[in-house]
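Step one of this worksheet: look at the structure below.
The values are calculated or read from the model by the stated rules, or taken from the named source; none is laboratory data. None of the values given here were measured: they were computed from a predicted structure. Every residue, glycine as well, gets a Cβ built from its backbone with ideal geometry; the counts of neighbours run over all protein chains shown. Ligands, DNA and RNA are stripped out before the accessible areas are found, and what is left, the full protein with its side chains, is counted by its heavy atoms. Shrake-Rupley method; radii C 1.70, N 1.55, O 1.52, S 1.80 Å.
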Amino acid sequence: MELEELKNVWNSFETRLQQQKMLEKVILKESLLSKSDKGLSIMINYGYFGLTLIVLGLFTLIWVIFQVADLTTLPVRITLYMTVVYVIYALIQGIIGLLKLQKIDLSAPIMENLQRVNSYRIYYNKQVIIILLGGVAVMVITIIISYFFTKMQAWQWITLFGALGVGAVGTWWEYKRMYQKNIDTIQKSLEELKELE
């Protein structure tokens, strides 16, 4: 009789242990999905914010072109048009990147999401290089044209180089703190979820 009771107690204990392990697994899975969802939401919201700034910048540039077109020399107008082309390219790439981010569906299979995250990472890294090189080219040409074809005052030069510094720091912050941190969180969480399965 005692042996039978001991077996029953043992089976009951083993059942509870299995239930607790399953509960811990469910809690861990929910925590990982929550982390991924938070990182994804931050990146999508930041993407919309960035697109809004780009569109505002584009409209401002077009307004400037129409306001001062008669007052500027040909090299200055060429710089303004080149900047518009650069901003339009950044806008298009921002939209494509946002669409790629929105394809990541955390309710979809994990392998599918890992592929989408990797695809976005590769796309983003390529675009960062292209946009940075394009930005540097636009700034160098702007500085050269400003030096040779306009009579800029000291405060205008300070503003120009200040904007360049702010742009460099902002780009570094965006890449390290916004992009890399969140995409690494999403990828790590998805890999842990894959191991759980």
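Details
- Dipole magnitude for the chain: about 860 debye, using +1 per Lys or Arg Cβ and -1 per Asp or Glu Cβ, origin at the Cα centre.
- Each of [x] 71; [y] 59; [z] 67 is a candidate for percent of Cα pairs over 20 Å apart; the one calculated from this structure is [z].
- Given charges at Cβ of Lys, Arg, Asp, Glu: the chain dipole, positive-most of ALA163, LEU23, THR142: THR142
- Think of each Lys and Arg Cβ as +1 and each Asp and Glu Cβ as -1; about the Cα centre, that makes the dipole of the range 18-87 roughly 340 debye.
- Solvent-accessible surface of protein heavy atoms, probed at 1.4 angstrom with all chains present, puts TYR175, TYR123 in the order TYR175, TYR123, largest first.
- Residue separation of ILE144 and LYS7 scaled by 0.36 nm, minus their Cα-Cα distance, works out to 40.6 nm of gained length.
- Gain on full stretching of the segment that runs from VAL128 to PHE59 - 0.36 nm per residue minus C-alpha separation: 22.6 nm
- Heavy-atom accessible surface of the chain: percent carbon and sulfur, 1.4 Å: 68 percent
- Centre-to-centre separation between the Cα atoms of the range 12-59 and those of the range 130-165: 41 Å.
- Area accessible to solvent at MET152, 1.4 Å probe radius, in Å²: 50 Å²
- For the range 113-189, applying the loop criterion from DSSP together with a ceiling of 16 other beta carbons within 10 Å to the trypsin sites (Lys or Arg not before Pro) yields LYS151.
- Kyte-Doolittle mean at least 0.5, axial Cα span of 24 Å or more - DSSP H helices of the chain: 74-102, 110-149, 154-173
- For TYR86, the accessible area of its heavy atoms, probed at 1.4 Å with every protein chain present, is near 60 square angstrom.
- Entry note, the range 1-129: relative contact order of 26 percent, from Cα contacts under 8 Å with a spacing of 6+ residues.
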